[in-house]
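The values are calculated or read from the model by the stated rules, or taken from the named source; none is laboratory data. Note that the structure is predicted; figures quoted are calculated from it, not measured. No Cβ is skipped: glycine too gets one built from the backbone with ideal geometry, and neighbour counts run over all protein chains shown. In case anyone asks, the SASA skips ligands and DNA or RNA and just uses the protein heavy atoms, side chains included. Shrake-Rupley method; radii C 1.70, N 1.55, O 1.52, S 1.80 Å.
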Amino acid sequence: AQSVTQLGSHVSVSEGALVLLRCNYSSSVPPYLFWYVQYPNQGLQLLLKYTSAATLVKGINGFEAEFKKSETSFHLTKPSAHMSDAAEYFCAVSDLTGNQFYFGTGTSLTVIP
Amino acid sequence: DAGVTQSPTHLIKTRGQQVTLRCSPKSGHDTVSWYQQALGQGPQFIFQYYEEEERQRGNFPDRFSGHQFPNYSSELNVNALLLGDSALYLCASTRQGITYEQYFGPGTRLTVT
């Protein structure tokens, strides 16, 4: 079965500092990988997705992620954190049918002014 | 272009009761998935509907059932509510053939007392 592990349930960074949120996946075949953001009392918004094209994926709001098959990782980064980035971030994997997504437990990002 | 909409926003039910949640997919989408997000957890896949049929199901009991209408909207029904059913229920829609692009609604917050 597919699964993802998000290392660190809480991450704090200073405004302007690098954001790094970690995600490792478990899959027997190259999967589709996603990062979603969730603001309080809202649904999930897609940040970016990897669908077996370029390994470095650029998303919205300055975020990007790199698919590393050798490390089974798909870490999310942003060069400079903004206060508005404070939210819950979820990594997800789907099989090639895309019918079922498997989400990690989430990482809460706090941005310190 | 309206996104995914869900109703109601909040719901309070008593243990043992039944509940129906509703979802209208994004315009142009024909596939609807339902997820349960318990507090502090990532979303868990309940099931997916396409062409008015349940296409795939996660690890949820038969108390959870659904329906998809000809206009692609969907309902999630939960019978014999348990306290543990308290969660945010998210609906996601996509278009057949592009199933890796799921758009999520804002969710329905269900509280079972």
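Please find, within the stretch A:28-50, the residue that is nearest to the other protein chains (Cβ to nearest Cβ) out of those that are part of a loop (DSSP other than H, G, I, E, B) and surrounded by 18 or more Cβ atoms within 10 Å (Cβ to Cβ). Taking the candidates together, the pick is A:Gly43.
If you check B:Tyr89, B:Tyr100, B:Tyr35 for being closer than 18 Å to B:Gly3 by Cα and modelled with pLDDT under 95, only one passes: B:Tyr100. Please work out if B:Ile12 is under 30 Å from A:Thr107 (Cα atoms), part of a strand (DSSP E or B) and in contact (Cβ under 8 Å) with a residue 60 or more places away in the chain. Taking the combined requirement at face value, the residue satisfies it.
Note on the stretch B:39-58: residues that are touching a residue at least 12 places away in the same chain (Cβ under 8 Å), part of a loop (DSSP other than H, G, I, E, B) and within 21 Å of B:Gly107 (Cβ to Cβ) total 3. Within the stretch A:34-84, the set of residues being in contact with a Ser or Thr (Cβ under 8 Å, 6 or more places away or on another chain) and of a type in the set (A, V, I, L, M, F, W, C) comprises A:Phe34, A:Phe63, A:Ala65, A:Phe67, A:Ala81. Within the stretch B:21-31, which residues are assigned to a strand (DSSP E or B) and either in contact with a His (Cβ under 8 Å, 6 or more places away or on another chain) or modelled with pLDDT of 95 or more (or both)? Passing the criteria: B:Leu21, B:Arg22, B:Cys23, B:Ser24. Annotation for the stretch B:4-19: at least one member residue is among the hydrophobic types (A, V, I, L, M, F, W, C), open to solvent by 30 Å² or more (accessible area, probe 1.4 Å) and in contact with a strand residue (DSSP E or B) (Cβ under 9 Å, 6 or more places away or on another chain). Scanning the stretch B:92-111 for residues that are over 16 Å from A:Gly98 (Cβ atoms), at the interface with chain A (Cβ under 7 Å from one of its Cβ atoms) and of a type in the set (S, T, N, Q) yields a count of 0. Within the stretch B:88-113, the residues that satisfy the criterion of being crowded, with 20+ Cβ neighbours inside 10 Å and closer than 14 Å to B:Thr9 by Cβ are B:Leu88, B:Tyr89, B:Leu90, B:Cys91, B:Gly105, B:Gly107, B:Thr108, B:Leu110. If the condition is being within 18 Å of A:Gln45 (Cα to Cα), open to solvent by 30 Å² or more (accessible area, probe 1.4 Å), away from chain B (no Cβ under 14 Å) and within 11 Å of the chain's Cα centre (by Cα), then the stretch A:55-108 contributes A:Glu64, A:His75, A:Thr77.
Please state which one of B:Phe69, B:Phe47, B:Phe60 is out of contact with any strand residue (DSSP E or B) (no Cβ under 6 Å at 6 or more places or on another chain) and either open to solvent by 50 Å² or more (accessible area, probe 1.4 Å) or aromatic (Phe, Trp, Tyr) (or both).
Every option except B:Phe69 fails the conditions.
Set side by side, the residues B:Tyr89, B:Tyr72 differ, and just one is more than 10 Å from chain A (Cβ to nearest Cβ) and not in a strand (DSSP E or B), which is B:Tyr72.
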